[in-house]
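The values are calculated or read from the model by the stated rules, or taken from the named source; none is laboratory data. Source: prediction; values computed, not measured. Please note: Cβ atoms are built from the backbone with ideal geometry, for glycine as well, and neighbour counts cover all protein chains shown.
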Amino acid sequence: MDSVFTVDVEDWYHILDIPSAPKMSEWASAAPHVEKDFIKLLDLISEKNVPVTCFFLGWIAERFPHLVKEAAARGHEIASHGYSHRLVYEMTEDEFYHDAVKSKNIIEDIAGRPVLGYRSAGFSITEDTPWYFENLIKAGYKYDSSVFPGPRGHGGLKSDRYGPYLVKGRAGNIIEFPITLAKFLSRRICFFGGGYLRLFPYPLIKSMGRRVLSEGRPVIFYVHPREVNPGHPRLEMNYKRRFKSYVNLKTTESKVSKILEDFRVITFERYIKKHKEMLEG
Ligand SMILES: [Zn+2]
């Protein structure tokens, strides 16, 4: 059974919903770390010789096009994390559509090939954004990986679909790969990305991943470049957010290596090709 390893390519200050985070107009004057961190992460992945999916923030792709080219040259899939890293439920439908199109165009121009996939900032699809999929379809995306099917800080969408599914729209269809949750002590919990991946010990992550695979679902892993650099600058935030943003950063590197050894990892693009009938049936 295949799993998908994903990287949301953004910088250390792209943390959502905290007052100390710089505004978009200030991003250019914040010290960039993404180049060093992303190359470090790519090197770690190259050691295991597996392809992953890189969701580039359009703003980052525009400023650091060589990172897009480097990831593509190493055989990874290039996808979009939107342009401006805004929470979906804080945008109007029109703003969302234009942001999704803008990032797709910029990234495709640099990568020289079509961008099929989208991931929203902070998995921020909620009941308040019923227009979400229709606009992604209109923007030309073929799949999305943004639904967090449980309660969550920003967003979370009540849903009982935990594996990939087809969303039918007026102008076409799109495949959704929800963020992977595993049932643990009567709750459904994400063990496979961000703060969760750093918090839980690897043996638990591995056994929960095995459980998900045995249920016939792929495990969707996700990391950010900043997470492999424990020395990255910190933003001021309350205790709860600080814990979630910065806990166990030193463990990311070894966890990523172990995941890439223990799980059969491919890109979303390949996953869709391989499982087309199941996904579209
Ligand atoms: Zn992000």
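Assorted remarks:
- Among residues of the range 145-173 that are within 14 Å of CYS190 (Cα to Cα), those with a beta-carbon under 6 Å from a residue that is surrounded by fewer than 18 Cβ atoms within 10 Å (Cβ to Cβ) at least six positions away or on a different chain give the pairs PRO149/SER159; GLY150/ARG188; GLY156/GLY150.
- Qualifying positions in the range 44-56 - more than 19 Å from THR252 (Cβ to Cβ) and within 16 Å of the ligand (Cβ to nearest atom): PHE56
- Elements of type helices (runs of 4 or more DSSP H) in the range 51-135, at least 3 residues being surrounded by fewer than 20 Cβ atoms within 10 Å (Cβ to Cβ) and free of Cβ contacts under 8 Å to residues at least 12 places away in the same chain: 93-111
The rows are residues; the columns are (1) farther than 19 Å from GLY117 by Cα; (2) at pLDDT 95 or above; (3) surrounded by 20 or more Cβ atoms within 10 Å (Cβ to Cβ); (4) among the basic types (Lys, Arg).
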position: TYR165; (1), (2), (3), (4): no, yes, no, no
position: THR180; (1), (2), (3), (4): no, yes, yes, no
position: SER186; (1), (2), (3), (4): yes, no, no, no
position: LEU235; (1), (2), (3), (4): yes, no, no, no
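- Options GLY231, GLY209; residue that is under 26 Å from SER46 (Cα atoms) and in a helix (DSSP H, G or I): GLY209
- Any hit, the range 200-219, residues being within 16 Å of the ligand (Cβ to nearest atom) and buried (at least 18 other Cβ atoms within 10 Å of the Cβ): no
- For the range 237-259, filtering for residues that are assigned to a loop (DSSP other than H, G, I, E, B), surrounded by fewer than 18 Cβ atoms within 10 Å (Cβ to Cβ) and over 21 Å from the mean Cα position of the chain (by Cα) leaves 1.
- Any chance LYS48 is of a type in the set (D, E, K, R), surrounded by 17 or more Cβ atoms within 10 Å (Cβ to Cβ) and touching a residue at least 12 places away in the same chain (Cβ under 8 Å): no
- Looking only at residues of the range 1-25 that are within 14 Å of the ligand (Cβ to nearest atom) and hydrophobic (A, V, I, L, M, F, W, C), we find that the one that is nearest to TYR222 (Cα to Cα) is VAL7.
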